[in-house]
Amino acid sequence: MAEARSGPTVGQIVLGLRLRDLRQRAGCSFADAAAVLSVNTTTVRRMEKAEVGLRPLYVKALLERYGVAAEEIDSFLALVDEANRPGWWHRYRDVLPDWFSLYVSLEGEASLIRAYEPHCVPGLLQTEDYARVLLRTGFPGATKEELDRRVALRMARQELLSRPQAPLLWAVVEEHVLRRRVGGPSVMRGQIDRLVEATALPNVTLQIMPFNAGPHPGMFGPFQLFRFEIPELPDIVYAESLTGAVYLEERPDTAVYREVLDRMSAQAAPVQDTGAILGEIRKEL
């Protein structure tokens, strides 16, 4: 059986979807594919869902059964090798939960990241000082070395916003997030300044949900929606809890989150007002 491992990479997810499509086009059932590998059908299902690693020998046998040409098999196997390589975040695996490693992979491949944050500034927009206070609170038993590693991981993730072909980040943040004191006034001043700088980037949109906006449809908790330019990948929604996370990719589920984001964006203060709101909060600090 293929070896289980922690969260898959986006590349493994895409290749699993491609294997599924090739199997269906070839008219093969799960049982047909499993017979080729002398495994049970569960293994094939898990390969297609990227729940287990892709073994090149298994993949080659399946592609041959599906009638894929030899040169295309070679190209596919090269993609398998690339997808199986650990991502840059693997070096932080000592402080990166298995359930969050997929998030970092999705974040790095997304063309659009839409987020709602009712509790704190989105991680991609946090300063180091702000992040350190949050992480110290979230992991009270962490050593200084572990805390430094968690902060370093969060700062490394932010590099994607300034890279070539950076994703679009569109976040809706509650006003009380910006008024909640995380650390002392100097930490918050630095954080507000960071948001002002970030909103000057062409790929960052920040909207603030003011106190007087009243109830809105996203009040149940924070979440992110990822969209990709990779044809095989659907929109994926991430929602986190204290001990784990859920990833939603079924169209009826993600459609609900898209609608909620659209409604919240219409209810929040207009984008052109963000600078003025940040400026007023900055003065109060």
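Throughout, read-outs are computed from the coordinates displayed, never taken from laboratory work. As the structure is a computational prediction, the values presented were derived from the model and not from experiment. All Cβ positions, glycine included, derive from the backbone under ideal geometry; neighbour counts span all protein chains shown.
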Under a 5 Å amide H to amide H cut-off, with H placed in plane at 1.01 Å, what residues pair with G183 once short-range neighbours are removed? none
What does DSSP give for the chain in terms of the percent of beta bridges that are antiparallel, rounded to the nearest 5? 50
In whole Å, what three semi-axes, largest first, describe the equivalent ellipsoid of the chain built from its Cα gyration tensor (square root of 5 times each eigenvalue)? 41, 21, 16
HN-Hα J couplings of region 109-125 from phi, Karplus 6.51/-1.76/1.60, θ = phi - 60°, integer Hz, Gly and Pro as x? 9, 6, 9, 9, 10, 10, 9, 10, 10, x, 10, 8, 4, x, x, 5, 10
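If packing is taken as the average count of other Cβ atoms within 10 Å, what order do 98-105, 206-213, 11-18 fall into, highest mean first? Before the final figure, lay out each step's value.
Values: 98-105: 19.0, 206-213: 17.2, 11-18: 21.2.
My ranking of the peptides, most packed first, is 11-18, 98-105, 206-213.
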Give me the distance between the Cα centres of region 168-204 and region 49-88, rounded to whole Å. 43
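So for the chain, averaging the separation of alpha carbon pairs under 8 Å that are six or more residues apart and normalising by length, what relative contact order in percent results? Mind dumping the intermediate values first?
Values: 390 pairs, mean separation 52.5, N = 285.
Relative CO of the chain lands at 18 percent.
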Sum of -39500 (n - 2.57) over DSSP H runs of 4+, divided by residues of the chain (222 nm, nearest 500): -15500 deg cm²/dmol
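Place the peptides 130-142, 146-158 in order of packing, highest mean first, counting for every residue the other Cβ atoms within 10 Å and averaging per peptide. Kindly include the intermediate steps, with their values, before the conclusion.
Details: 130-142: 15.4, 146-158: 17.2.
So the order, starting with the most tightly packed, is 146-158, 130-142.
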For the chain, modelled as a Gaussian network with Cα springs under 10 Å, which listed residue fluctuates most, P215, P97, P270? P215
Residues whose modelled amide H sits under 5 Å from the amide H of E174, counting only those 5 or more places away in sequence or on another chain, are E117, M209
